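S.K.: Dumping the structure here so I can ask a few things about it.
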Amino acid sequence: MNGETSRPPALGFSSDNIAGASPEVAHALVKHSTGQAGPYGTDELTAQVQRKFSEIFERDVEVLLVPTGTAANGLCLSAMTPPWGNIYCHPASHINNDECGAPEFFSNGAKLMTIDGPSAKLDITRLRERTREKLGDVHTTQPACVSITQATEVGSIYTLDEIAAIGEVCKSASLGFHMDGSRFANALVSLDCSAAEMTWKAGVDALSFGATKNGVLAAEAIVLFNPSLATEMRYRRKRAGHLFSKMRFLSAQIDAYLTDDLWLRNARKANDAAQRLAQGLTGLSGVEVLGGTEANILFCRLDPAVIDALLKAGFVFYHDRWGPNIVRFVTSFATTAEDVDHLLSHVRRVVRSVHA
């Protein structure tokens with residue numbers, strides 16, 4: 001799938017963050033590692049990255065680079081949420097489960113308020129109701145911001161209509177609208193829409209633009225569509241310790257990632273690998289593919305014997321975390337057709353032996 005044929009098949013399907021970096025990104029770091037450049041983001045390469053984002057999103061945007069998605073999420077939410085504010089999110093969201101209280105920390109105490117919904121997506125009707133509760137009650141934290149994950153932690157994707165509907169809720173209630181786009185590219189190529197349509201045209205104020213899961217070593221971008229957030233965000237980034245003095249090394253990664261649509265090509269590879277895996281598993285005895293495979297994450301229910309055999313063979317993946325015999329496979333830009341077929345061959349072999 002990516003031209004790699006000499007290495008043995010990869011056994012890791014636990015997450016897309018176990019993959020390395022695209023050669024283009026690594027080469028860019030080497031290229032920009034010599035000579036002098038302005039510090040703290042005053043270099044030309046950082047300015048070029050901002051111009052590229054403005055082209056991608058079809059409007060002027062403010063861009064602040066940070067090294068991690070947790071920093072991007074925490075900083076975005078803190079700029080839109082006072083300490084007495086509510087951040088509405090899904091119970092399965094990354095900010096709720098996997099960031100060690102970073103949104104509360106960065107915002108100096110804002111409260112995460114979870115609203116459930118199928119496929120790890122917010123129930124919009126319930127969201128609308130919750131944002132109207134106890135308005136103006138000094139004894140109660142107040143609605144401030146909504147955060148959605150695109151693609152979600154289970155691989156589902158908000159449609160453009162769903163994002164727009166949430167945007168309307170935010171607009172009518174004067175709430176900030178944040179998108180955690182750790183797998184932004186995977187969602188974008190799956191929806192086959194423009195980056196503008198999936199964000200600011202639907203009401204999104206701030207985006208955590210993920211890159212590390214899709215071919216970058218360690219760099220993420222905060223993209224602001226609401227310019228009123230920019231000044232405060234710059235101070236918050238510095239105060240949080242995320243303003244790199246040698247910013248060009250973050251910019252070099254993101255610049256290479258955006259050049260010649262590498263970010264979109266990588267996402268398509270990851271999504272195609274997940275589709276190949278889903279198609280290969282569908283119809284096998286003792287295997288039940290759960291839900292659709294909209295991005296690069298696949299859930300299925302496997303016979304315990306199949307799970308044990310795969311683990312003994314060295315395959316790495318999450319299992320039993322979401323229920324008995326529930327398995328999650330995640331593909332990446334580096335996952336090849338050979339990697340997927342190798343996994344499928346093991347599954348088929350065990351299925352035949354179990355059901356012989």
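Read-outs throughout are calculated quantities, based only on the coordinates presented, and are distinct from any laboratory measurement. What you are looking at is a predicted structure, and each value in this text was computed from that prediction instead of being measured. Cβ sites come from the backbone with ideal geometry, for glycine too, and all protein chains shown count toward neighbours.
S.K.: Once you compute Rg and the Kirkwood Rh from C-alpha atoms, what is the Rg to Rh ratio for the chain?
M.R.: Values: Rg = 21.0 Å, Rh = 21.2 Å.
Rounded to two decimals, Rg/Rh equals 0.99.
S.K.: Cut-off 10 angstrom, C-alpha nodes, Gaussian network model of the chain. Which of Arg237, Arg126, Arg183 fluctuates the most?
M.R.: For the chain, modelled as a Gaussian network with Cα springs under 10 Å, the answer is Arg126.
S.K.: What is the sum of charges, Lys and Arg at +1 and Asp and Glu at -1, for the other residues whose Cβ falls under 14 Å from the Cβ of Thr259?
M.R.: Values: positive: Lys31, Arg51, Lys52, Arg265; negative: Glu24, Glu55, Asp255, Asp260, Asp261.
Combined, the nearby Lys, Arg, Asp and Glu give -1.
S.K.: Continuing with the same structure: In region 48-77, whose amide N lies under 17 Å from the spot 7 Å out along Cα-to-Cβ of Ala196? List them in ranges.
M.R.: It comes to 51-62, nothing else.
S.K.: Glu62's amide H: which non-local residues (gap 5+, or another chain) put their own amide H closer than 5 Å, with H modeled 1.01 Å from N in plane and none for Pro or chain starts?
M.R.: Answer set, sorted by chain and number: Leu224.
S.K.: Could you tell me which of rounded, prolate or oblate describes region 83-144, using a ≥ b ≥ c as the square roots of the eigenvalues of the alpha-carbon gyration tensor, with rounded for a/c under 1.5 and, failing that, prolate when a/b is larger than b/c and oblate otherwise? Please report the intermediate quantities before stating the final value.
M.R.: Numbers: a/c = 3.42, a/b = 1.06, b/c = 3.22.
In terms of gyration-tensor shape, oblate.
S.K.: In a shell of Cβ-Cβ distance under 15 Å around Asp303, excluding Asp303 itself, what net charge do Lys and Arg (+1) and Asp and Glu (-1) give? List each step's numbers first, then the result.
M.R.: Values: positive: Arg301, Lys312, Arg348, Arg349, Arg352; negative: Glu288, Asp308, Asp320.
Net charge in that neighbourhood comes out at +2.
S.K.: Where Lys and Arg each count +1 and Asp and Glu each count -1, what net charge lies around Thr149 among other residues with Cβ under 12 Å from its Cβ? Can you show the working numbers first?
M.R.: On the way: positive: Lys121, Arg183; negative: Asp98, Glu99, Glu153, Asp180.
It works out to a net charge of -2.
S.K.: Tabulate in residue order the Karplus-calculated ³J(HN,Hα) for region 118-124, using 6.51 cos²θ - 1.76 cosθ + 1.60 with θ = phi - 60°, rounded to whole Hz; enter x for Gly and Pro.
M.R.: Each residue's phi maps through the Karplus curve to give x, 6, 6, 10, 4, 6, 5 Hz.
S.K.: Taking amide hydrogens as modeled 1.01 Å from N in the peptide plane, which residues meet the under 5 Å criterion relative to Gly12, leaving out close sequence neighbours?
M.R.: Val316
S.K.: Sort Trp263, Trp200 so that the residue with the fewest other Cβ atoms within 10 Å of its own Cβ comes first and the one with the most comes last. Please report the intermediate quantities before stating the final value.
M.R.: Details: Trp263 27, Trp200 23.
Ascending number of Cβ neighbours within 10 Å: Trp200, Trp263.
S.K.: Continuing with this model, one more query. So if I take the centroid of the Cα atoms in region 181-253 and the same for region 47-86, what is the distance between those two points in Å?
M.R.: Using only Cα atoms, the two centres lie 5 Å from each other.
S.K.: Once phi is turned into ³J(HN,Hα) by the Karplus curve 6.51 cos²θ - 1.76 cosθ + 1.60 with θ = phi - 60°, what whole-Hz value does each residue of region 342-351 show in order, with x for glycine and proline?
M.R.: Once rounded to whole Hz, the list reads 5, 4, 4, 5, 5, 4, 4, 4, 5, 4.
S.K.: Give a residue-ordered list of calculated ³J(HN,Hα) values for region 51-67 (Karplus: 6.51 cos²θ - 1.76 cosθ + 1.60, θ = phi - 60°; whole Hz; x for Gly, Pro).
M.R.: 5, 5, 5, 5, 5, 4, 8, 6, 5, 5, 10, 9, 10, 10, 8, 9, x
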